[in-house]
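Coordinate-derived values only; no laboratory data. Quick caveat, the model's predicted, so the values are computed rather than measured. Here the Cβ is made from the backbone with ideal geometry for all residues, glycine too, and neighbour counts use every protein chain on show.
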Amino acid sequence: MLQIENLTKIYDDGTEALTDVSFTVEEGEFLVIIGLSGSGKSPLLRCLNRLGAPTAGRISWNGRDIPAADQSDLREIRREIGMIFQHFNLVKRSTVMTNVLSGRLGYTPPAWSLINRFRKADKERAIRALERVGIPDKADNRADELSGGQQQRVGIARALMQDPKMILADEPVASLDPVLAHSILGNLESINQEDKMTVICSLHFLDLVQRYAPRVIGLRDGVIVFEGDSQDIRQLSDERFKDIYGEEAERLSA
Amino acid sequence: MSAQPTAPPKTSEATPLVQTRITDRLANFPWWALFLALLGVLLVYSFATDATYQNIIVYLSAGVRLTIIVTLVAFSFSIIIGLITAFAQMSEGSNIFSVIARNLATLYVQIIRGIPVIVLIFYTALVIIPASINLLNALGDWMVSMGWLAADNALSSLTSRGISFVIRGIIALAINYGAFSAEVFRGGIQSIDKGQLEASNALGLSWFQTMRYVVMPQALRRIMPPLGNDFISMLKESSLVSVLGVGEITQLGKKYSAATFLYPQTYNSVAFLYLSITLILSMGVKYMERRMAVSEET
């Protein structure tokens, strides 16, 4: 269980990215965070694995205090949390296989990786991860030869290699076209349902949210302005919609 | 990017086009290379037939060996110094070690950048090395007084004279180029997209693993070509250690011409030797640049 209490994040320049955010995520939940760009979705996800350190507040994950973890605890926590990025963040000129295998490095002792070739068991695991996301035939291609959607699947396969207990997806489909967006979210949905893995995903297209999100939190200017399930999101009134997306936002799909 | 002349448009039409093609070819032909090649042939011909030139080349060949050794050794050390300096400069955070490392590295780079190489060579050979020897002597004597070492230990018996000027020259060049290669390394490493670092942090990679698997494989492609150019300029600047009397090409040329008054022949040969080495090396760097540029394309 992930418990977030009074989380606040203030950047060095004084910008307040998150203000007093509290919520709880149960094991195996699929939580979608919505909001405009700059509403604090990204800083929130980043606080959860401490890519960005929170300014104040508590984050407790299965009894572990994330803000207080020291370097070695933090590495251990991070390797149990997979992360998927908007721009994929693959090593572009390495092969797909190498990229996926790098997801396993968190389990390799740092000194060992100086000489270590990847183990056979890890390679088999990597093939399984690629099969899972539907691109086992791309293993030997260079990452930059793949389309955006395929690159994001490599990103997911890499996260699966970590054997994570939770996956954070920061705008995973924002640089993909709608068809690919559905297949990527489908991948995440099946991981969530088949493996009972917790997934926290930020999205900003409402139609995707309505299709995939069992539970939604809406952020605006770093404050939680909406909490509900997929039913609530479908029945969102114009007024509530403007609470999340601002006065000038127009509803495109109804 | 490519130095190759662009191919004229392929067409099998009328004469004017053919005419343009020929003038284009002539205009884009690397005449300088032809001139250089002719010059080379002329010199090689003299070396082969003229006993004066033959004597000079035989005399200078020992210098060629030394020039290459000095350059290779000094360059290897400069890479090590540069790598350490680059990481020290990039060390972040406010803990005491990174603050000290960062400042020391920046101080070193700033000082070296502002001193002419030749002054640095004198300074290293005649100030830094003797001072370091004195320091080591004092350390040895102190350890003797503490009873940790015998009176005739290696530290106390070191003398400045024991350090040859070849070694001093190598150290001076390494110190000088270490500062420049540090900048090359830093530029290459910092050119890596920040998202890559975030991803490897998120994967739970240690700093070392991040460097080994994520940063370095990508940064090396941006580091290698400028480092190759540094190697070429170091080969040329190794001629400066002749001021210490180190018998590399330039020094031997100086000695030979002073003894024989054959100034034109000697310096023709000296220049020819440097030029042929650097031309070969720069062809190597060009090749490297092209290969890296190809793999850079997305």
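Averaged over peptide A:70-81, how many Cβ atoms belonging to another chain are found within 10 Å of each residue's Cβ?
2
Hey, can you list the DSSP H helices of chain A whose Cα span along the axis is 15 Å or longer and whose average Kyte-Doolittle score is at least -0.5?
Sorted by number, the helices that extend far enough and score high enough are A:148-161, A:178-195.
Which of A:Gln210, A:Leu18, B:Gly245 sits farthest toward the positive end of the charge dipole of the protein assembly as shown, with +1 on the Cβ of Lys and Arg and -1 on the Cβ of Asp and Glu?
Positive-most Cα among the choices belongs to B:Gly245.
Which of B:Gln209, B:Gln218, B:Gln19 ends up with the largest GNM mean-square fluctuation for chain B, with Cα atoms connected below 10 Å?
The residue with the greatest mean-square fluctuation here is B:Gln19.
Return the FRET efficiency for the residue pair A:Asp243, B:Gln190: r is the Cβ-Cβ distance, R0 is 60 Å, and the value is rounded to the nearest 0.05.
0.90
Compute the longest continuous run of chain A that contains no exposed GluC sites (Glu not before Pro); treat a site as exposed when its DSSP state is not H, G, I, E or B and it has at most 11 other Cβ atoms within 10 Å.
After excluding every exposed loop site, the longest remaining stretch is A:27-246.
To the nearest 20 Debye, how big is the dipole of the protein assembly as shown about its Cα centre, given +1 on the beta carbon of each Lys and Arg and -1 on that of each Asp and Glu?
Here the size comes out at about 2340 debye.
Tell me, Kirkwood radius of chain B from alpha-carbon pair distances, in Å?
About 23.5 Å for chain B.
Given labels modelled 7 Å from the Cα in the Cβ direction, how far is it in nm from A:Thr55 to B:Ile115?
Calculated label separation equals 4.6 nm.
Please turn the phi angles of the stretch B:270-279 into ³J(HN,Hα) values with the Karplus equation 6.51 cos²θ - 1.76 cosθ + 1.60 (θ = phi - 60°), one per residue in order, whole Hz, x for glycine and proline.
4, 4, 4, 4, 4, 4, 5, 5, 5, 5
Could you tell me the center-to-center distance, by alpha carbons, between the stretch B:221-255 and the stretch A:136-172 in angstrom?
The stretch B:221-255 and the stretch A:136-172 have Cα centres spaced 48 Å from each other.
Can you give me the pair-distance distribution of the stretch B:178-298, C-alpha pairs, 10 Å bins, whole percents?
Taking all Cα pairs of the stretch B:178-298, the binned fractions are 12, 29, 24, 17, 12, 6, 2, 0 percent.
Give me, ordered by chain and number, the residues 5 or more places off A:Val223 or on other chains with an amide H under 5 Å from its own placed amide H.
Result for A:Val223 returns A:Thr19.
Hey, with R₀ at 45 Å, roughly what FRET efficiency would B:Ser157 and B:Ser233 work out to, going by the Cβ-Cβ distance, to 0.05?
So, using R0 = 45 Å, E works out to roughly 0.75.
Between B:Val127 and B:Lys286, how high is the FRET efficiency from 1/(1 + (r/R0)^6) when r is the Cβ-Cβ distance and R₀ = 45 Å? Nearest 0.05.
Rounded to the nearest 0.05, the efficiency is 0.70.
Please return the longest range in chain B lying between exposed loop sites, taking GluC sites (Glu not before Pro), DSSP loop only, at most 12 other beta-carbon atoms within 10 Å, and leaving the sites out.
B:93-296
Do any of A:Lys41/B:Lys194; A:Lys165/A:Lys242; A:Lys123/A:Lys165 go past 24 Å between their Cα atoms, and which?
Table pairs above 24 Å Cα-Cα are A:Lys165/A:Lys242.
Give the share of C-alpha pairs in each 10 angstrom bin for the stretch A:77-225, from 0 to the last occupied bin, in whole percents, shortest bins first.
11, 41, 33, 12, 3, 0
Quick check: pseudo-label points 7 Å beyond the Cα along Cα→Cβ at A:Ser22 and B:Ala258, how many nm apart are they?
Each label point lies 7 Å from its Cα, and together they span 8.6 nm.
Send over the Kirkwood Rh of the stretch B:71-244, from the inverse of the averaged 1/r over different Cα pairs, rounded to one decimal Å.
Radius from the Kirkwood sum: 18.3 Å.
Label chain A by shape, choosing from rounded, prolate and oblate, from the square roots a ≥ b ≥ c of the eigenvalues of the Cα gyration tensor; if a/c is under 1.5 it is rounded, and otherwise prolate applies when a/b is larger than b/c, oblate when it is not.
oblate
What shape does the stretch A:38-110 have by the C-alpha gyration tensor, where a ≥ b ≥ c are the square roots of the eigenvalues, rounded means a/c under 1.5, and otherwise prolate means a/b greater than b/c and oblate the rest?
Oblate shape, in that a/c is at least 1.5 and b/c is the bigger or equal ratio.
Count, for each residue of B:192-199, the Cβ atoms from other chains sitting within 10 Å of its Cβ, then give me the mean as a whole number.
Mean partner-chain Cβ count within 10 Å for B:192-199: 5.
For every other residue with a beta carbon closer than 13 angstrom to the beta carbon of B:Ile68, add +1 if it is Lys or Arg and -1 if Asp or Glu, then tell me the sum.
+1
Would you mind computing, in nm to one decimal, how far apart the modelled labels at B:Ser145 and B:Val99 are, each placed 7 Å from Cα along Cα→Cβ?
3.3
In a GNM of chain A with a 10 Å cut-off on Cα contacts, which of A:Ala157, A:Ala169, A:Ala69 has the highest mean-square fluctuation?
Among A:Ala157, A:Ala169, A:Ala69, the largest mean-square fluctuation in the Gaussian network model of chain A belongs to A:Ala69.
Mind jotting down the distance between the C-alpha centroids of the stretch B:153-209 and the stretch B:81-142, whole Å?
Cα centroid to Cα centroid, the span is 11 Å.
List the chymotrypsin sites (Phe, Trp or Tyr not before Pro) within the stretch A:10-100 that fall in a DSSP loop (any state other than H, G, I, E or B) and whose Cβ has at most 12 other Cβ atoms within 10 Å.
A:Tyr11
Can you give me the convex hull volume of the Cα atoms of the stretch A:82-164, divided per residue and expressed in Å³?
Convex hull of Cα atoms, per residue: 88 Å³.
What average count of beta carbons from other chains do you get within 10 Å of the Cβ of residues in A:152-161?
1
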